[in-house]
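S.K.: Mind looking over this structure? Questions follow.
Computed from the coordinates by the stated procedures, all read-outs in this text should not be read as laboratory data. Here the structure is a predicted model, which is why all the values come from computation and not from measurement. Note that we place each Cβ from the backbone using ideal geometry, even for glycine, and neighbour counts take in every protein chain shown.
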There are 2 protein chains.
Amino acid sequence: MLKRLSIKEYTEGILTGNRMILSRAITLTESNLPADKILAQEVLEAVLPHTGNSIRIGITGVPGVGKSTFIEVFGQYLTKLPKKVAVLAIDPSSPISKGSILGDKTRMEKLVNDPLAYIRPTPTSGGLGGVANKTREAMLLCEAAGFEVIIIETVGVGQSETVVHGMVDFFLLLMLAGAGDELQGIKKGIMEMADLIAITKTDSGNETQADLAKVAYQNALHLFPPNQTGWYPEVLTCSAITEKGMKEIWEVIEKHRALLIGNGYFQEKRSQQNLEWMYYFIKKSLEEKFYEHPSVDLYRKDIQQEVCEGKKLPINAAMELLNLFYQNRK
Amino acid sequence: MLKRLSIKEYTEGILTGNRMILSRAITLTESNLPADKILAQEVLEAVLPHTGNSIRIGITGVPGVGKSTFIEVFGQYLTKLPKKVAVLAIDPSSPISKGSILGDKTRMEKLVNDPLAYIRPTPTSGGLGGVANKTREAMLLCEAAGFEVIIIETVGVGQSETVVHGMVDFFLLLMLAGAGDELQGIKKGIMEMADLIAITKTDSGNETQADLAKVAYQNALHLFPPNQTGWYPEVLTCSAITEKGMKEIWEVIEKHRALLIGNGYFQEKRSQQNLEWMYYFIKKSLEEKFYEHPSVDLYRKDIQQEVCEGKKLPINAAMELLNLFYQNRK
């Protein structure tokens, strides 16, 4: 491991946009060593007043939708504006789906060499909560380092979308034109979280199909209840080859931001996200302690089996386990 | 309060289909007296082997969609088959929305006098978890009493749909034809839970609009990922005035049941629901203990405020509260 820096060195390095120090600080937040954890929290507290100034965008879509090529092209559109762009990824299953996400950096080879872009692959351990927390902390560090747009990529097949939705301002769902089989992989509820659906690969004669899909998604989105922010999700077509749609997507993101800042939901949403994160962490921590308890661990499987077979009422089974937990704590 | 019966009297009464005793047993499960709770659990354990033989149907829809009149007519269609039908309701907000649900029994005056039907209004206290548990227990008691179809009604605007979805075999969403403003009340995610959408009030010249809505919902449902049971949600039109659609709705419910029994998901879904209920209860119980802790209760608001204002990291705030909780338990 690298030599640790002082809080001051980390903080000043980050605030002056030193990428090497930013990377080292992110690595520090990913460490599981107790001393590193304490240091990381101190660095985060120190830069906290300088965070929150980026546009946070979540991007998801099933494997094959072209996430990496989309981000490569969209990222470069942003750096030309010019905007400083950081790309992070949440993929708790990355040991399996290696290469489907940022592991294979060659998929973003132009963006990775762009002086205004910063790409950080996902941490590969820690469970969903752990990985999400690390991504959240990386996001704050990138903001403190002056990045104006943070893109958080997820694979679109697991629980990670809900977690990402809980840390971004804008949620972009990438979809393919043929609205059939490829939907199998998208988890229920994800479409309803989208602020914008972009239909990828609208090129090479695929345009008519994409336009039809656009209408279908627009109609479907109209059937969803509008969310409380007053924003109506939009549908656009785009292409990473022709760069079609990149400008329009950015305009939609800016329009969304302007609306939410105007009506006060922008700040409220972020406050809400912070609170949800706090309560999520408390819940996880309480449950961890419970399920790791020796008696609970010992009897849970048998009790669960009885519930499955309808031999025991779920509520009685829960009471039994809770009694085991509380009795052996006293 | 009524005099309590013995476990044997309750059990025998329920198993022989004695409605008065069934009602008294349900009242017993709703009681908050410790002695009643123990007795109720014993009665439930005793009848448990006789439960699980009904078709459990959840019905939801926003106020104004015509839930009560639909259930009145659909219930009578079922009793004519003949099927014994019990109607329960979950409405944690019932003190406010009194009359919108079963409180106003006159809305189902024919069904309420039907010898094959049993209608039980919602308990009006206990929070969502408590009310849901009581409804779950009432469902089991009705099954033990020989009811073949259990309809659980919810108001369609809160969290109760997810809870009901977690206790039924089939989820029916009632919708109005004009797919516009009336959707405002439907909570996100409810449409994706539906096994069938029935468009109500398809009568009095409303037919064309209903048919258009049917096509729109069908198209929208095709955009959702199919659920793992292999069931594709359907859309039908119906009318409580002309009784149009009642037969078709029942046929869809039977087709769904046959498919799921055939592929094994019927039993698996019920086992899963039991487990989820057990884990939900454990989670609620752990959190309750945490948030009722004096130190947590004392400092939570201040800490929450700091998180909201972005002055404290959510994870640090969570750690602080957890430390307060664990320190003062030792």
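S.K.: What whole-number distance in Å separates the alpha-carbon centres of the range A:229-254 and the range B:244-308?
M.R.: Their Cα centres are 36 Å away from one another.
S.K.: Another question, then. Using the per-residue mean of other Cβ atoms lying within 10 Å as a proxy for protection, in what order, highest first, do the peptides B:291-300, B:74-83, B:138-147 fall?
M.R.: Working: B:291-300: 13.8, B:74-83: 18.1, B:138-147: 23.6.
Going from most to least packed, we get B:138-147, B:74-83, B:291-300.
S.K.: Using helices alone, I'd like the mean residue ellipticity at 222 nm for chain A: each DSSP H run of four-plus residues gives -39500 (n - 2.57), total over residue count, nearest 500.
M.R.: Result for chain A: -16500 deg cm²/dmol, rounded to the nearest 500.
S.K.: Something else now. What does the charge add up to near A:GLN267, with Lys and Arg as +1, Asp and Glu as -1, over the other residues with Cβ less than 11 Å from its Cβ? Walk me through the intermediate numbers first.
M.R.: Values: positive: A:LYS269, A:ARG270; negative: A:ASP169, A:GLU268, B:GLU309.
Its environment carries a net charge of -1.
S.K.: Can you tell me how chain A classifies by the Cα gyration tensor, rounded, prolate or oblate, using a/c under 1.5 as the rounded cut?
M.R.: On the way: a/c = 1.89, a/b = 1.24, b/c = 1.53.
Oblate.
S.K.: By count of other Cβ within 10 Å, fewest leading, how are A:ILE90, A:ILE197, B:ILE241, A:ILE55 ordered? All intermediate terms of the calculation are to be shown ahead of the outcome.
M.R.: Numbers: A:ILE90 26, A:ILE197 23, B:ILE241 13, A:ILE55 20.
By the 10 Å Cβ count, ascending, the order reads B:ILE241, A:ILE55, A:ILE197, A:ILE90.
S.K.: Using a/c under 1.5 as the rounded threshold, could you call the range B:1-50 rounded, prolate or oblate? The axes a ≥ b ≥ c are square roots of the C-alpha gyration tensor eigenvalues, and prolate needs a/b larger than b/c, oblate otherwise. All intermediate terms of the calculation are to be shown ahead of the outcome.
M.R.: Values: a/c = 1.91, a/b = 1.30, b/c = 1.47.
Here the range B:1-50 falls in the oblate category.
S.K.: Enter the mean number of other protein chain beta carbons within 10 Å of the beta carbon of each residue in B:300-308, as an integer. Working shown, then result.
M.R.: Details: counts 2, 0, 0, 1, 5, 2, 1, 6, 8.
Average neighbour count from other chains, rounded to a whole number: 3.
S.K.: Ignoring solvent entirely, what values of log10 I(q)/I(0) come out of the Debye formula for the protein assembly as shown at 0.07, 0.11 Å⁻¹ when each Cα is a single scatterer?
M.R.: -0.53, -1.22
S.K.: Holding the Cα-Cα limit at 25 Å, pick out from A:LYS201/B:LYS214; A:LYS134/B:LYS284; B:LYS84/B:LYS247; A:LYS37/A:LYS269; A:LYS84/B:LYS301 the pairs that are longer than that. Spell out each step's value before the answer.
M.R.: On the way: A:LYS201/B:LYS214 31 Å; A:LYS134/B:LYS284 27 Å; B:LYS84/B:LYS247 16 Å; A:LYS37/A:LYS269 28 Å; A:LYS84/B:LYS301 37 Å.
Table pairs above 25 Å Cα-Cα are A:LYS201/B:LYS214; A:LYS134/B:LYS284; A:LYS37/A:LYS269; A:LYS84/B:LYS301.
S.K.: Now for a different question. What nm value, rounded to one decimal, do you get for the distance between A:ASN323 and B:ASP203 when each label is placed 7 Å out toward the C-beta?
M.R.: That separation, rounded to one decimal, is 5.4 nm.
S.K.: Kindly put A:GLU248, A:GLU137 in sequence by how many other C-beta atoms sit within 10 Å of each C-beta, fewest to most.
M.R.: A:GLU248, A:GLU137
S.K.: Tally Lys/Arg at +1 and Asp/Glu at -1 over every other residue whose Cβ is under 15 Å from the Cβ of A:LYS84; what's the total?
M.R.: Values: positive: A:ARG19, A:ARG56, A:LYS80, A:LYS83, A:ARG120; negative: A:ASP114, A:GLU143, A:GLU148.
Net charge around A:LYS84: +2.
S.K.: Separate question: Using Cα pairs closer than 8 Å and at least 6 residues apart in sequence, work out the relative contact order for chain B, in percent. If you can, show how the numbers build up before the last one.
M.R.: Values: 464 pairs, mean separation 55.7, N = 330.
Relative contact order of chain B: 17 percent.
S.K.: With charges set only on the Cβ (+1 for Lys and Arg, -1 for Asp and Glu), what does the dipole of the range B:1-50 come to about its Cα centre, in debye to the nearest 20? Could you put the intermediate results ahead of the total?
M.R.: Details: 6 positive and 6 negative charges, 34 e Å.
Rounded to the nearest 20 debye, it is 160 debye.
S.K.: Have a look at the DSSP beta bridges in chain B and tell me what percent are antiparallel, nearest 5.
M.R.: Numbers: 0 of 26 bridges.
If I count the DSSP bridges inside chain B, around 0 percent turn out antiparallel.
S.K.: Going by how many other beta carbons lie within 10 Å of each one, how would you line up B:SER160, A:SER31, fewest first? Before the final figure, lay out the partial values.
M.R.: On the way: B:SER160 26, A:SER31 16.
In order of increasing Cβ crowding within 10 Å: A:SER31, B:SER160.
S.K.: Let a ≥ b ≥ c be the square roots of the eigenvalues of the Cα gyration tensor of the range B:277-327; is it rounded (a/c under 1.5), or, if not, prolate (a/b larger than b/c) or oblate? Please report the intermediate quantities before stating the final value.
M.R.: Numbers: a/c = 2.40, a/b = 1.77, b/c = 1.36.
In terms of gyration-tensor shape, prolate.
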